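Student: A single structure is presented below for examination.
The numbers here are math on the coordinates, done by the rules we state, and not lab data. Keep in mind that what you see is a predicted model, and the values were worked out from it rather than measured. Every residue, glycine as well, gets a Cβ built from its backbone with ideal geometry; the counts of neighbours run over all protein chains shown.
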Amino acid sequence: MPDLKSKEDLYKISRLNKNYPKYDEIINLHKEAIDNQNDIYIDPDTGFAVLTAEFLLKRGYCCGSGCRHCPYSD
């Protein structure tokens, strides 16, 4: 299991490149979802539900689907 010490660590988990369009908005949506104890947030471009790092960590394993906020990926 990843060594995550705080919510601050969870906020930072993202496979997105910092140059990705709407990167800051997406990271803020992720943070807000964690703070509000929501397991998902809605991607502003696609409308798809995105799982938070906190939810994925609680699930306890990597499913291998390449989740945006996977705490188990490098």
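Student: Within the stretch 50-66, count every residue that is surrounded by 11 or more Cβ atoms within 10 Å (Cβ to Cβ) and not charged (D, E, K, R). Show your work before the answer.
Tutor: Taking the stretch 50-66 and keeping what is surrounded by 11 or more Cβ atoms within 10 Å (Cβ to Cβ), we get 50-57, 59, 62-63.
Of the ones still in play, those that are also not charged (D, E, K, R) are 50-53, 55-57, 62-63.
Total satisfying the criteria: 9.
Student: Could you tell me how many of the residues in the stretch 17-42 are farther than 21 Å from K58 by Cα and in contact with a helix residue (DSSP H, G or I) (Cβ under 8 Å, 6 or more places away or on another chain)?
Tutor: Residues meeting the conditions: 2.
Student: Show the residue pairs that are 6+ apart or on different chains and have beta-carbon atoms under 8 Å apart, the first residue being within the stretch 58-74 and on the phi > 0 side of the Ramachandran plot, the second being of a type in the set (A, V, I, L, M) and part of a loop (DSSP other than H, G, I, E, B).
Tutor: Once the first residue is on the phi > 0 side of the Ramachandran plot and sits in the stretch 58-74, its partners that are of a type in the set (A, V, I, L, M) and part of a loop (DSSP other than H, G, I, E, B) give G60/M1.
Student: If you take the residues of the stretch 2-43 that are assigned to a loop (DSSP other than H, G, I, E, B), among the acidic types (D, E) and surrounded by 13 or more Cβ atoms within 10 Å (Cβ to Cβ), which of them is nearest to the chain's Cα centre (by Cα)?
Tutor: The residue in question is D39.
Student: Looking at A49, A53, can you tell me which residue is small (G, A, S) and out of contact with any strand residue (DSSP E or B) (no Cβ under 8 Å at 6 or more places or on another chain)?
Tutor: Just one listed residue meets the conditions, A53.
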